[in-house]
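These notes concern the structure reproduced below.
The values are calculated or read from the model by the stated rules, or taken from the named source; none is laboratory data. Keep in mind it's a predicted model, so treat the numbers as computed, not measured. Cβ coordinates were reconstructed from backbone atoms using ideal geometry, including for glycine residues, and neighbour counts include every protein chain displayed.
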Amino acid sequence: MQKEKNRVFIFDTTLRDGEQSPGASMNSGEKLIIARQLEKLGVDIIEAGFPIASDGDFDAVRQIAREIKKCQIAALARANKIDIDRAWEAVKNAAHPRLHTFISSSDIHLKYQLKKTRRQVLMEAIAAVKYARAYTDNVEFSAMDATRTDKDYLVDIVSAVIDAGANTVNIPDTVGYTTPEEYGKMIAYLFAHVKNMGNTIISVHCHNDLGLAVANSLAAVKNGARQVECTINGIGERAGNTSLEEIVMTLNTRKDIYGLYTKIKTEHIFKSSRLLTQVTGIPVQPNKAIVGANAFAHESGIHQDGLIKEKSTYEIMKPQSVGITDTHIVLGKHSGRNAISQHLKKMGYVLTDEQLNKVTARVKEMADIKKDIYDEDLEAILYEEVYRVKDKYTLVYLNVVSGNVAIPSATMEMQVGKEIVRDAGFGNGPVDATFAAIRNITKTNYSLMKYVVTAITGGSDALGEVTVELRFNSHSVIGRGAHPDVIVASAKAYINALNRLEFMKENTKKVKVELIPEIR
Ligand code: KIV
Ligand code: ZN
């Protein structure tokens with residue numbers, strides 16, 4: 001990666017740190033779908049996962065590394081041989097592989113978590129970078145909890161890992177503790193005191209615990225950092241990470257202040273955000289900057305009046321620049337396969353014949369119940385019919401009886417692996433009865449933490465979108481389903497959550513820190 005004075009590299013960690021959001025676990029097929037979209041979006045680096053964490057993570061990184069050609073693919077590893085070997089095994093077939101190794105540097109982490117001295121950590125950091133460099137000349141090092149690290153010790157670590165061969169050095173605000181002023185000064189301090197900085201790219205990785213992740217990242221680039229680690233919709237551990245769309249659009253909109261640029265194709269931002277929501281089930285708050293439903297909606301009469309007279313009165317960015325079009329062109333009962341295909345192409349989706357047949361069938365089915373089909377409806381169909389990876393459980397048949405005199409009941413047939421299983425359930429209402437039937441069929445009984453119904457588009461015939469959260473021990477998963485009938489949408493969401501739980505149970509393997517030998 002060649003450092004250019006004014007270019008900021010975008011390191012997307014949606015598939016690694018983003019996946020650490022509660023409920024955001026994705027299977028390898030889903031990760032691949034997101035990775036393809038990130039490639040279209042033009043991110044420079046995709047952090048595809050943490051291969052030592054689970055076999056599922058390893059497979060996802062390997063598949064992404066094999067398929068994605070235009071981005072660098074990074075795999076995360078702690079500063080030890082076993083992690084680095086595993087990360088390299090996963091990423092080695094990439095066109096542009098990167099190894100990203102990390103160790104904590106703050107005294108708090110050293111004393112309470114690692115129980116190591118500063119000297120030990122320094123030696124391990126050097127050894128890890130050298131070990132990684134034997135595999136590739138593209139190595140990133142992160143000093144975890146850098147913002148709570150003694151700044152002269154941080155200078156020592158950064159200087160040492162650069163000497164050992166790291167080309168990118170990341171200064172994470174792991175706990176979201178810093179402020180723009182403090183962080184900007186810290187980055188400036190490193191540039192002033194690290195004598196061998198040369199062409200090293202200083203990277204920033206901010207968490208949003210105080211709501212300052214984007215502001216902190218901007219302060220860092222103002223002071224010389226040239227890689228920003230971020231995620232779509234700002235998802236990530238706890239309060240999340242720096243939001244990709246916010247950082248990119250700030251740099252784009254305020255070139256007068258920053259004088260910097262990225263190579264992001266901003267017109268793919270909105271679609272990336274929607275796709276991530278479809279895949280993870282994690283909705284975007286309506287007032288979220290850039291991608292929220294209200295981000296470009298002007299409610300006040302004075303604002304609307306100004307906009308009619310001249311857009312720049314109240315609009316600092318064009319919705320089209322992030323891929324929001326006002327053309328909610330509708331399809332309906334009479335739209336043929338060709339019209340659907342043309343419309344999907346305009347939206348940026350090119351399908352195979354078989355995929356197009358499936359989508360056309362669903363559009364026709366939906367058009368019998370719902371008059372107009374909007375872009376958002378099409379995306380929901382696309383995700384369910386084309387992109388969703390084959391699951392253990394699928395819905396075959398559902399019949400629900402409810403009313404003010406009936407005891408709500410649901411009769412249901414599901415495919416469980418290769419078998420078709422039929423059962424019924426009773427409940428307080430039709431949704432409760434449906435969930436009872438699913439529990440009987442799947443012989444599961446997880447706690448239902450959340451049940452939310454929203455309408456994707458307006459009107460009483462709108463597609464209902466249901467989000468369900470299930471809890472298993474300390475983990476929670478989110479499932480989503482969309483259908484004009486909210487009971488069917490609810491069943492689909494519950495089944496989607498169950499499939500995600502199955503995936504998580506199979507793939508979550510506890511990493512035993514104490515078993516991993518240090519590098520000497
Ligand atoms: O927040 C953090 O410090 C991290 C590192 C692994 C880069 O995610
Ligand atoms: Zn992080």
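What the table below lists for this structure:
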{"read-out": "One residue from Val169, Val175 being surrounded by fewer than 22 Cβ atoms within 10 Å (Cβ to Cβ), within 16 Å of ligand 2 (Cβ to nearest atom), under 25 Å from Gly240 (Cα atoms) and of a type in the set (Val, Ile, Thr)", "value": "Val175"}
{"read-out": "Single match in Thr101, Thr117 (criterion: among the polar types (S, T, N, Q) and under 22 Å from the mean Cα position of the chain (by Cα))", "value": "Thr101"}
{"read-out": "Sole exception among (1) of a type in the set (Ser, Thr, Tyr); (2) within 24 Å of Lys358 (Cβ to Cβ); (3) surrounded by 13 or more Cβ atoms within 10 Å (Cβ to Cβ); (4) touching a strand residue (DSSP E or B) at 6+ places or on another chain (Cβ under 8 Å) for Tyr374, by number", "value": "(4)"}
{"read-out": "Enumeration of residues in region 84-97 that are buried (at least 24 other Cβ atoms within 10 Å of the Cβ) and either under 18 Å from Ala166 (Cα atoms) or aromatic (Phe, Trp, Tyr) (or both)", "value": "Ile84, Ala87, Val91"}
{"read-out": "Output for region 1-60, where each listed residue is at pLDDT below 95, in a loop (DSSP other than H, G, I, E, B) and either among the hydroxyl-bearing types (Ser, Thr, Tyr) or more than 16 Å from ligand 2 (Cβ to nearest atom) (or both)", "value": "Met1, Gln2, Lys3, Glu4, Lys5, Ser21, Ser25, Met26, Asn27, Ser54"}
{"read-out": "Ala289 being at negative phi, more than 16 Å from ligand 1 (Cβ to nearest atom) and modelled with pLDDT of 95 or more", "value": "yes"}
{"read-out": "Positions within region 178-204 being surrounded by fewer than 22 Cβ atoms within 10 Å (Cβ to Cβ) and either within 16 Å of ligand 2 (Cβ to nearest atom) or part of a loop (DSSP other than H, G, I, E, B) (or both), in sequence order", "value": "Thr179, Val194, Lys195, Asn196, Met197, Gly198, Asn199, Thr200"}
{"read-out": "Selection count where residues are in contact with a helix residue (DSSP H, G or I) (Cβ under 7 Å, 6 or more places away or on another chain) and among the aliphatic types (A, V, I, L, M), scope region 424-444", "value": "3"}
{"read-out": "Selection count where residues are without any contact (Cβ under 8 Å) to a residue 40 or more places away in the chain, part of a loop (DSSP other than H, G, I, E, B) and not small (Gly, Ala, Ser), scope region 278-302", "value": "7"}
{"read-out": "Tally, over region 2-47, of residues that are more than 16 Å from ligand 1 (Cβ to nearest atom) and on the phi < 0 side of the Ramachandran plot", "value": "26"}
{"read-out": "Qualifying residue in region 146-159 (condition: more than 16 Å from ligand 2 (Cβ to nearest atom), under 21 Å from Ala87 (Cβ atoms) and in contact (Cβ under 8 Å) with a residue 12 or more places away in the chain)", "value": "yes"}
{"read-out": "Subset of region 133-164 that is of a type in the set (D, E, K, R) and part of a helix (DSSP H, G or I) - its residue that is surrounded by the fewest Cβ atoms within 10 Å (Cβ to Cβ)", "value": "Asp152"}
{"read-out": "Subset tally (residues that are outside any strand (DSSP E or B), hydrophobic (A, V, I, L, M, F, W, C) and buried (at least 24 other Cβ atoms within 10 Å of the Cβ)) for region 98-129", "value": "3"}
{"read-out": "Hey, Leu275 more than 25 Å from Glu469 (Cα to Cα) and either hydroxyl-bearing (Ser, Thr, Tyr) or part of a helix (DSSP H, G or I) (or both) or not", "value": "no"}
{"read-out": "Single match in Val214, Val221, Val248, Val204 (criterion: in contact with a strand residue (DSSP E or B) (Cβ under 9 Å, 6 or more places away or on another chain), aliphatic (A, V, I, L, M), within 26 Å of Arg274 (Cα to Cα) and in contact (Cβ under 8 Å) with a residue 40 or more places away in the chain)", "value": "Val248"}
{"read-out": "Those residues of region 233-248 which are part of a helix (DSSP H, G or I), surrounded by 23 or more Cβ atoms within 10 Å (Cβ to Cβ) and either away from ligand 2 (no atom under 16 Å from the Cβ) or small (Gly, Ala, Ser) (or both), in sequence order", "value": "Gly234, Glu245, Val248"}
{"read-out": "Tabulated pairs, region 499-511, first over 17 Å from Asn445 (Cβ atoms) and part of a helix (DSSP H, G or I), second at pLDDT 55 or above and charged (D, E, K, R), C-beta under 9 angstrom, 6+ apart or interchain", "value": "Phe503/Asp391; Phe503/Lys392; Glu506/Asp55; Asn507/Asp55; Asn507/Asp57; Asn507/Asp59"}
